[in-house]
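Remarks on the structure that follows.
The values are calculated or read from the model by the stated rules, or taken from the named source; none is laboratory data. Treat the numbers as computed from the prediction; the structure is a model and nothing was measured. Here the Cβ positions follow ideal geometry from the backbone for every residue, glycine too, while neighbour counts run over all protein chains shown. Heads up: the accessible areas ignore ligands, DNA and RNA and are worked out on the full protein's heavy atoms, side chains in. Shrake-Rupley method; radii C 1.70, N 1.55, O 1.52, S 1.80 Å.
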Amino acid sequence: MEVWYVSYGSNICEDRFLCYINGSTPRGADKKERGCTDKTPPRRNAMVELPYPLYFAKEQSKWGKGGVAFMGHDFMETARTIGRKYLITREQFSEVVAQENKQPGLEIDFKTIKKKGAVTITDGWYGTIFYLGDEDGFPMFTFTANFPVDAAIFTKPSAAYLATVAEGLGEIGLKKNEIIDYFLEKRGVKEHFTADSLAEYIFHKQENIF
């Protein structure tokens, strides 16, 4: 059975996400992802907007020093997280979650998550699985931190990480000024940048991408 995996961070960039499917090396990295047993590409993908807050937290990741994206647990009418949904198999989704949390062999009880709305399955960075409703007959799931926004320490993301998220946002139709405006709403970014300095940080230093 297929599910929508809803991405809101670097996996919005299709090439980056496909590294988790194919077991390839992300651009700028020196280590391959494990990949999925089934390497069939997503059957469909599309933009999605979610009424939950996006923020950047943690200090060090595979992207180097700096925060990475997380989605808050609480529905907020005024919040907006832009993402990209990929139609993949349940098994692929489970293996993507396992790779993100560096814990192979994770098992996901999709029925329980649909019933409860959210379930924490591991103490990894992205250990809580959220059910986001159905779309076109398929359930939508994403994963995020186990802690609420109020418990987060917001940190500035690295230029490479933010540029990869921006590349994905561009792929689903956002213009550069819309990407800048979107990021400037988010904790972990708005405390550190003006519109001009953020554009320089993302675009001018990443000319090979944009």
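A few remarks follow.
- Rg to Rh quotient for segment 106-210, alpha carbon positions, Kirkwood Rh: 1.05
- Segment 86-210 - percent of accessible surface contributed by carbon and sulfur, probe 1.4 Å: 48 percent
- Centre-to-centre, using Cα atoms only, segment 1-61 and segment 128-207 are separated by 13 Å.
- Averaged over its residues, segment 55-159 has an accessible area of 46 Å² per residue, based on protein heavy atoms and a 1.4 Å probe.
- At most 12 other Cβ within 10 Å, DSSP loop - GluC sites (Glu not before Pro), segment 45-126: GLU59, GLU77, GLU107
- Between LYS175 and ASP150, the distance separating the two model label sites (each 7 Å from Cα on the Cα→Cβ line) works out to 4.0 nm.
- Within the chain, all pairs of alpha-carbon atoms sorted by distance into 10 Å bins from zero give the percentages 9, 36, 39, 15, 1.
- Rounded to the nearest 10 degrees, the angle from helix 90-100 to the longest Cα principal axis of the chain is 40 degrees.
- Calculated on C-alpha atoms, the gyration radius of segment 1-80 divided by its Kirkwood radius gives an Rg/Rh of 1.00.
- All aspartates and glutamates inside 17 Å of LYS58 as judged from Cα atoms, apart from same-chain residues fewer than 8 positions distant: GLU100, ASP123, ASP150, GLU191
- Listed pairs LYS102/LYS156; LYS111/LYS156; LYS85/LYS186; LYS39/LYS190; LYS32/LYS115; LYS111/LYS176 exceeding 31 Å between Cα atoms: LYS111/LYS156; LYS39/LYS190; LYS32/LYS115; LYS111/LYS176
- Global form of segment 62-102, assessed from the alpha-carbon gyration tensor, a/c cut-off 1.5: oblate
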